[in-house]
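Asker: Have a look at this one before I ask anything.
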Amino acid sequence: MKSQDAFRHSYIKWGPRITLVHSQAIQVILAMASTGIPLDTATIISTALEGILYGFSVLMFMGTMWVIYYKPNANRPIALAAILLLILSTAHLIIDIIRLENGFVKYHDIPGGPVAFFQDISQPTFVTKNLIYALQTMIGDGVVIYRCYVVWQSVWAIILPVTLWCGSSVAALIAPYYASRATGGNIYTNQTAQWITTLFVLTLSTNLISSGLLVYRIWTIERRVSANRATIGTMMPIVHVLIDAAIIYSAALFTILICFVCANNAQFIMLDMIMPIISIAFCMVLIRLTPKKNTPSYLPTYSAQISAEINERERRDSQQYHMKPLQVHVSQWTHIDGME
């Protein structure tokens, strides 16, 4: 009894101080593991910016659906990819809102406060949102590879992008697995960091190589037929749109990679923003390449139309300048005794 009373008395005396020291130690460790803005501030900013971009992605999705169902020569099966991207973006935003409420309301009294909650990579909501990001990335990169294949009409052209896509898909699924097994670990000091770095590098490489092959194919065809073109049409607007979409997505991925390697909390902001950016880049290509009034008919709406246009141009240009046989009559003159 005396020992229990002594323990109770010492706990009442030193317990609050121990808890305070423990809380301060957690904050120091988190500060040493990461740089940049605090995690609670980063979470608020990322959710707000993600919501704004999500609104734009919804408008782009509506425009895509209108294009698919009301414009001629639209590739309607691509609507499935657009719908999946919107569903995943919506689910990701909902989970971010739930995490915001949990961190600042439900679990704000835990040691370390909201920063410790958002730093815990073993939270089910954190693992779920990363799985959603993995699926979003797989769909977005898969569509770019599909466009590349349709334009090249060759499996050999997409061997490297497909290999990189498979590697990024594996990394995207393994990283959340290791995060779920961590016991409140930090994302920058956990084994998960290796797989996340691999994911960003492979995804960036897949997007750059696939987009580069796609643009190069269209540009080479355009250059080959431009010298003998009889019409005023050109496929360079297609190249510009594809380059714009690739730059937007690649810039976001490169920023995330740099911030993650530097252990900067700004990567959480970019990681949440990239979810609607994938949908926006996807829909932008389809909408901007849709024929409008007073727009030449050479402008296709999707990759299948790009490939068909390339083949048709090559056939038409080869037939247009086909040489026909000519008959040449040569007069023969002879002289006989000074007379012709």
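Here, each number is a calculation from the coordinates, and none is a lab measurement. Everything numeric here is computed off the predicted structure, so don't read it as measured data. Heads up, the Cβs are rebuilt from the backbone with ideal geometry, glycines too, and the neighbour counts pull from every protein chain shown.
Asker: Please list, in chain and number order, the residues 5+ apart from residue 264 or on another chain whose amide H is under 5 Å from its amide H, with Hs placed from the backbone.
Answerer: 35
Asker: Further, regarding this structure: Taking the Cα-to-Cβ direction at residue 287 and at residue 173 and moving 7 Å from each Cα, how far apart do the two end points lie in nm?
Answerer: Here the answer is 3.3 nm between the modelled labels.
Asker: Now, a different point. In whole Hz and in residue order, list the ³J(HN,Hα) couplings for the stretch 131-146 that follow from phi through the Karplus curve 6.51 cos²θ - 1.76 cosθ + 1.60, θ = phi - 60°; x for Gly and Pro.
Answerer: With the stated coefficients, the stretch 131-146 comes to 5, 5, 4, 4, 5, 4, 5, 4, 5, x, 5, x, 5, 5, 5, 4 Hz.
Asker: Provide the per-residue ³J(HN,Hα) series for the stretch 164-172, in order, calculated from phi with Karplus coefficients 6.51, -1.76, 1.60 and θ = phi - 60°, each as a whole number of Hz, with x at glycine and proline positions.
Answerer: 5, 5, 5, x, 5, 5, 5, 5, 5
Asker: Turning to a different aspect of this structure: How much length would be gained if the chain were fully extended between residue 163 and residue 48, taking 0.36 nm per residue of separation minus their Cα-Cα distance, in nm to one decimal?
Answerer: Working it through step by step, the gained length comes to 37.9 nm.
Asker: When the chain is fully extended, how far beyond the present Cα-Cα distance does residue 244 get from residue 104, taking 0.36 nm per residue of separation?
Answerer: So the extension gain works out to 46.6 nm.
Asker: Residue-wise, which Karplus ³J(HN,Hα) couplings in Hz belong to the stretch 243-253, taking 6.51 cos²θ - 1.76 cosθ + 1.60, θ = phi - 60°, and x for glycine or proline?
Answerer: Result, rounded to whole Hz: 5, 4, 5, 5, 5, 4, 5, 5, 5, 5, 5.
Asker: Next question. At 0.36 nm per residue, minus the direct Cα-Cα distance, what do residue 97 and residue 41 gain on full extension? Give it in nm, one decimal, please.
Answerer: Value of the extension gain: 18.8 nm.
Asker: Here is a follow-up. Ranked from highest to lowest mean number of other Cβ atoms within 10 Å per residue, what is the order of the peptides 283-289, 139-145?
Answerer: 139-145, 283-289
Asker: Applying 1/(1 + (r/R0)^6) with R0 = 22 Å to the Cβ-Cβ distance of residue 194 and residue 84, what FRET efficiency is obtained, to the nearest 0.05?
Answerer: After rounding to 0.05, the efficiency reads 0.15.
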